[in-house]
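> I am attaching a structure below and will ask some questions about it afterwards.
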Amino acid sequence: MVLTSITKGGGGPLYPDFIGRRATFVGSGTGPTSYVFGTGDLVTLNLPSYYIDALLGGVTSVSGKYVVYPNPAGIGARQQWYLRWFIALATAGTVGAEVASATNLSGESVQLGAFVGQF
Amino acid sequence: MILTAIGKGTGAGPLYPEFAGRRGLFVGSGTGPTSYVSGTGDLVTLNLPNYYIDALIGGEVSISKNYVVYADPTGTGARQQWYLRWFAATAAAAGGGSVVTTRLGTAANYALLAYSGITNSGSTVITGGNIGSYPTTSITGFPPGTLTSPAVIDNVAAQAAQTALTAAIIYYQGLTPTLSGLTDLSVEGNGSTASTYTAGNYFGSTSLTMPTGIILDAQGNSSAVFVFVAGSTINLASGQTIALVNGAQAANVVFVAGSAFTSVATSTVNGNILAVSGINLGGGTLNGRALATTGTVAIAATTVVTVSASSSIGSEVASGQNLSGETVQLGVFVGQF
């Protein structure tokens, strides 16, 4: 998933917005075309010179069918962050279960906050 | 958990906190507790003594992918205490719901484990765990006894399982007693009746007997653990039952006999039997395990079901579970005292 900074109407992107040397970021993106169970979907920003310090998950997709949780690959700065997708509505499957491999989630959108740094 | 500010490579200083006006951002990492408290969680502090947490941002998967953590404040407003609640995210983590199962190590893979062999008579059925013996590997009576797949006879792994079992027995024998000096468990309970026990560690310096059944009352806490330790034998009389009420689970019950454990047909045992010198199950039902570090396991027409704690994905981690091998990295909004 590529997180793209949200905007204010026809204006430019609202994020990143700096707080000292770090920045907050809010972006949106869509799920993968083929999800990987147990691994999740790698999250990147639409700003190539920024990296994620913390991704703020525990939110549902816009449709309400899924809840997403961030999963860092390790601790420290410049980690890779994956988004794990779990079922939140019974119409999508067993509530609480992770989405099965190869599921197409490209129709699902999420909006997430992050703390970011700059390379 | 102490959240330690992340840094930018070895030798570099911490990247956080970073302030916006009078409030700050913080990103830190930390490890889980050595003994989790279900229903309460793990208190989160920062490695900066003069800062406090305004908001801890949970809803994140641990780096191992086994757990999801959620932030749980004690109240609203500034300077609250924030706890991190841990929930199973994988089947493997959910299966670790019983601290007894974890304590048993590889011995938990066995329904019956012996030192001098296993003898069965009659229509015994083993489900959910293997059977094995080491160093005497003789196992007789299967058939007519049966093992429900995937349970198998496994003497190869029995040696390592014996080592794990010995360590578990030493651990349980070293616990601090809730009650000690017990002899007749049928009348010495600390619960709502003389035969009822709440979660705790119950010790007898010599033998423990159960001429009539006992009741284990979890008082609504499905993580409640019941440990009974005898200096010598433990005996359950004919037709009696070790009963579970109010959420108690057989997976969280342990009987440790300093010598032998005996149950007489048609008794019902809910719990894990750990015995130093042999086990004799005379018939009925064992929902648990029969594991002996020396001597034989003798069984007669008994249904043995090796049970796991009824924990599932999404359930909170059980009390006592060691999460110190788990790591998370979390974002925080902080203030300064």
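The values are calculated or read from the model by the stated rules, or taken from the named source; none is laboratory data. As the structure is a computational prediction, the values presented were derived from the model and not from experiment. Note that each Cβ is placed from the backbone with ideal geometry, even for glycine, and that neighbours are counted across all protein chains shown.
> So which residues in the range B:46-86 are more than 13 Å from every other protein chain (Cβ to nearest Cβ), buried (at least 18 other Cβ atoms within 10 Å of the Cβ) and assigned to a loop (DSSP other than H, G, I, E, B), if there are any at all?
B:48
> Further question on the same structure: Name the single residue that is surrounded by the fewest Cβ atoms within 10 Å (Cβ to Cβ) among those in the range A:74-107 being under 24 Å from residue A:44 (Cβ atoms) and free of Cβ contacts under 8 Å to residues at least 12 places away in the same chain.
Applying the filter and picking the extreme gives A:74.
> If I filter the range B:246-259 for residues that are at pLDDT 95 or above and outside any strand (DSSP E or B), do I get at least one hit? If you could, list the steps in order and put the result at the bottom.
Quick first cut of the range B:246-259, residues at pLDDT 95 or above only: B:253-259.
The next check asks that each one be outside any strand (DSSP E or B); those that pass are B:258-259.
So far as the range B:246-259 goes, yes, one or more of its residues are at pLDDT 95 or above and outside any strand (DSSP E or B).
> Could you please let me know if residue A:34 is hydroxyl-bearing (Ser, Thr, Tyr), touching a Gly at 6+ places or on another chain (Cβ under 9 Å), surrounded by fewer than 16 Cβ atoms within 10 Å (Cβ to Cβ) and closer than 27 Å to residue B:87 by Cα? First the steps, then the outcome.
Numbers: hydroxyl-bearing (Ser, Thr, Tyr): yes; touching a Gly at 6+ places or on another chain (Cβ under 9 Å): no; surrounded by fewer than 16 Cβ atoms within 10 Å (Cβ to Cβ): yes; closer than 27 Å to residue B:87 by Cα: yes.
No.
> Taking the stated definitions as given, is residue A:54 assigned to a loop (DSSP other than H, G, I, E, B) and under 24 Å from residue B:67 (Cα atoms)? Show your work before the answer.
On the way: assigned to a loop (DSSP other than H, G, I, E, B): no; under 24 Å from residue B:67 (Cα atoms): yes.
Here the answer is no, as residue A:54 does not meet what is asked.
> I've got another one for you. Got a number for residues in the range B:122-152 being outside any loop (DSSP other than H, G, I, E, B) and surrounded by fewer than 15 Cβ atoms within 10 Å (Cβ to Cβ)? Talk me through it step by step, then tell me what you get.
First, pick out the residues of the range B:122-152 that are outside any loop (DSSP other than H, G, I, E, B): B:125-127, B:130-133, B:139-140, B:146-148.
Remaining after also requiring surrounded by fewer than 15 Cβ atoms within 10 Å (Cβ to Cβ): B:140, B:146, B:148.
Residues that pass the stated criteria total 3.
> Which of the residues spanning the range B:168-214 are hydroxyl-bearing (Ser, Thr, Tyr) and under 21 Å from residue B:249 (Cα atoms)?
Our first condition is that a residue be hydroxyl-bearing (Ser, Thr, Tyr); within the range B:168-214, this holds for B:171-172, B:176, B:178, B:180, B:183, B:186, B:192-193, B:195-198, B:202, B:205-207, B:209, B:212.
Selection gives B:171, B:172, B:178, B:186, B:192, B:193, B:195, B:196, B:197, B:198, B:202, B:212.
> Could you list all residues from the range B:236-261 that are surrounded by fewer than 20 Cβ atoms within 10 Å (Cβ to Cβ) and within 22 Å of residue B:124 (Cβ to Cβ)? Before the answer, list the steps.
Here is the first cut: in the range B:236-261, the residues surrounded by fewer than 20 Cβ atoms within 10 Å (Cβ to Cβ) are B:237-239, B:241, B:243, B:245-247, B:259.
B:237, B:238, B:239, B:241 - these are the residues of the range B:236-261 that are surrounded by fewer than 20 Cβ atoms within 10 Å (Cβ to Cβ) and within 22 Å of residue B:124 (Cβ to Cβ).
> While we're on this one: Select from the range B:28-45 the residues that are closer than 26 Å to residue B:14 by Cα and of a type in the set (A, V, I, L, M, F, W, C) and write down the one among them that is nearest to the other protein chains (Cβ to nearest Cβ).
B:44
> Right, another one. Out of the range A:76-110, which residues are assigned to a strand (DSSP E or B) and within 14 Å of chain B (Cβ to nearest Cβ)? Steps first, please.
Filtering the range A:76-110 down to residues assigned to a strand (DSSP E or B) leaves A:81-87, A:98, A:109-110.
Within the range A:76-110, A:81, A:82, A:83, A:84, A:85, A:86, A:87, A:98, A:110 qualify.
> Still on this structure, please answer the following. Select from the range A:23-41 the residues that are within 11 Å of another protein chain (Cβ to nearest Cβ) and part of a loop (DSSP other than H, G, I, E, B) and list them in ascending order.
Of everything in the range A:23-41, those that are within 11 Å of another protein chain (Cβ to nearest Cβ) and part of a loop (DSSP other than H, G, I, E, B) turn out to be A:37, A:38, A:39, A:40.
> Okay, next question. For the range A:7-22, give me each residue that is assigned to a loop (DSSP other than H, G, I, E, B), surrounded by 14 or more Cβ atoms within 10 Å (Cβ to Cβ) and more than 14 Å from every other protein chain (Cβ to nearest Cβ). Explain how you work it out, then say what you get.
Of the residues in the range A:7-22, the ones assigned to a loop (DSSP other than H, G, I, E, B) are A:8-12, A:14-16, A:20-21.
Right, trim to surrounded by 14 or more Cβ atoms within 10 Å (Cβ to Cβ) and you get A:14-16.
Correct list: A:14 only.
> Does the range B:282-298 contain any residue that is without any contact (Cβ under 8 Å) to a residue 60 or more places away in the chain, surrounded by fewer than 21 Cβ atoms within 10 Å (Cβ to Cβ), away from every other protein chain (no Cβ under 14 Å) and in a loop (DSSP other than H, G, I, E, B)?
For the range B:282-298, residues without any contact (Cβ under 8 Å) to a residue 60 or more places away in the chain, surrounded by fewer than 21 Cβ atoms within 10 Å (Cβ to Cβ), away from every other protein chain (no Cβ under 14 Å) and in a loop (DSSP other than H, G, I, E, B): present.
> Here are the criteria: (1) surrounded by 24 or more Cβ atoms within 10 Å (Cβ to Cβ); (2) more than 14 Å from chain A (Cβ to nearest Cβ); (3) of a type in the set (Gly, Ala, Ser). Tell me which single one residue B:324 does not satisfy.
(1)
> Could you count how many residues in the range B:170-229 are in contact with a Leu (Cβ under 7 Å, 6 or more places away or on another chain) and assigned to a loop (DSSP other than H, G, I, E, B)?
Of the residues in that region, 5 qualify.
> If you scan the range B:235-244, which residues turn out to be aliphatic (A, V, I, L, M) and either more than 20 Å from residue B:266 (Cα to Cα) or more than 18 Å from the chain's Cα centre (by Cα) (or both)?
Of the residues in the range B:235-244, the ones aliphatic (A, V, I, L, M) are B:236-237, B:242-244.
The answer is B:236, B:237, B:242, B:243.
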